[in-house]
Amino acid sequence: MTIQQPPIPAGTRVVVMTGATSGIGARALEHIAAEPTTTVIVGARGTGRTVPAGVETLALDLTSLDAVRKFAAAVIARLDGTPIDTLVLNAGMQVERTDTTTADGYETCFAVNHLAHYLLARLLAPYLADDARVILTTSDTHDRKVTFLAPKSIDIQDLAHPAKPGFGMRAYTASKLCNLLTARSLAEQPRVRERDIEVYAFNPGFTGGTNLGGESSPTQERIMRAVVFPIFKIVGRFKPEYNMGTPERAGEVLAQLTTGALTPPEGHVYVSVLKGEVTYPKPGELALDDQLRDDLWTQSAAMVGLPALTPS
Ligand SMILES: NC(=O)c1ccc[n+]([C@@H]2O[C@H](COP(=O)([O-])OP(=O)(O)OC[C@H]3O[C@@H](n4cnc5c(N)ncnc54)[C@H](OP(=O)(O)O)[C@@H]3O)[C@@H](O)[C@H]2O)c1
């Protein structure tokens, strides 16, 4: 950020968000930015996409842990003591094969979807307001009940450093399981509980028309609409999770969760959009494994160079 921003006025709701420049996050941002007395700071990697007027952007490339640290420091400097009301960790990506690593040496999908957001949550947790919200975008594809591509078991070290390149969708579903486990860990941290901070794992549901699988060419777009979407329409009759929703609806729900217009019932961390409706299903079996949850927290801390202490 080169332009000197005016101080944040007292009484302003502060939202810090990743993944707000495309797809579901961009639709959510339209609603959030339209809220009165709200300051939104978006972490963006500078792919030339625009944000609504008044939204502030700070550089963030989630493929680099150092960039995450610099972003967190820039957010803290910008806020200058004003606490964060909602932290929305929505960015995500998919890979075809797990054959690339980030500069930090971690498999790219695991590093971007999980590790970078884990670090960001840890670094910004002390700057959350009492009663703040943290939202991590997960996916119901973490769950074996939804797809056979969901993990049967998890070896955290192998996710970070795959012994051999594997299918990207499996890395994706595992990374989304990590988002849900991280939400559960964060919600359990003593300082988070003491300060009444709410933590949610948000599943937008299967959503067409985003850039998650990479930007489509006009021809690919036509094929999707003519062939792939109708197939999912048929499959969706038997498996509700395969009904394709819109970024507009998923973004609307994410915005409601962000602003507090939607408050899940007590005790529910997992919020899932199914056929356009907000539901609170039981997460998949691995997501409820407390040992795995704690191992992921501890091993992720070691990977980002933090102690596995409470985050705030
Ligand atoms: N679409 C679905 O069916 C579906 C289903 C369940 C869950 N989800 C989850 O929903 C979230 C949003 O996905 P989407 O479908 O809206 O996809 P999308 O259109 O591709 O949006 C992804 C967002 O993440 C950002 N991002 C990706 N890599 C980044 C990086 N290295 N550094 C900084 N930002 C990065 C993108 O920034 P750029 O604008 O720079 O590309 C974009 O803002 C993801 O977490 C995804 O896993 C999606």
Classified through the alpha carbon gyration tensor (a ≥ b ≥ c as square roots of its eigenvalues; rounded if a/c is under 1.5, else prolate when a/b is larger than b/c, else oblate), region 228-312 comes out prolate
One point scatterer per Cα, no solvent, Debye formula: log10 I(q)/I(0) for region 10-87 at q = 0.18, 0.20, 0.22 Å⁻¹ comes out as -0.70, -0.86, -1.03
Share of Cα-Cα pairs in region 77-128 beyond 13 Å, whole percent, is 64
Per its Cα gyration tensor (rounded if a/c is under 1.5, else prolate when a/b beats b/c, else oblate), region 165-312 is best filed as prolate
The base-10 log of I(q)/I(0) that the Debye equation returns for region 32-151 at q = 0.09, 0.18, 0.22 Å⁻¹, one scatterer per C-alpha, is -0.29, -1.05, -1.37
In whole angstrom, largest first, the equivalent ellipsoid semi-axes that the Cα gyration tensor gives for the chain are 28, 23, 20
Region 17-55 scanned against label point 7 Å out from residue 224 along Cα→C-beta; backbone N under 16 Å for 21-27
Taking only Cα atoms of region 178-233, the Rg to Rh ratio with Kirkwood Rh works out at 1.28
When all Cα-Cα pair distances of region 115-231 are considered, the percent exceeding 25 Å is 39
Whole-Å distance linking the alpha carbon centroid of region 131-163 with that of region 2-41 is 28
Relative contact order of region 72-180 (C-alpha contacts under 8 Å, at least 6 apart) in percent is 39
Most packed first (mean Cβ within 10 Å per residue), the peptides 211-223, 143-155 order as 143-155, 211-223
On the formula 1/(1 + (r/R0)^6), with r taken between the Cβ atoms of residue 282 and residue 216 and R0 of 45 Å, the FRET efficiency rounded to 0.05 is 0.85
So, relative contact order of the chain in percent, Cα under 8 Å, 6 or more apart, is 20
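Each reported figure results from applying straightforward, stated rules to the coordinates on display, with no laboratory input. Predicted model only: the values in this text are computed from it and were never measured. Methodologically, a virtual Cβ is constructed for each residue, glycine included, from the backbone with ideal geometry; neighbour enumeration extends over all protein chains shown.
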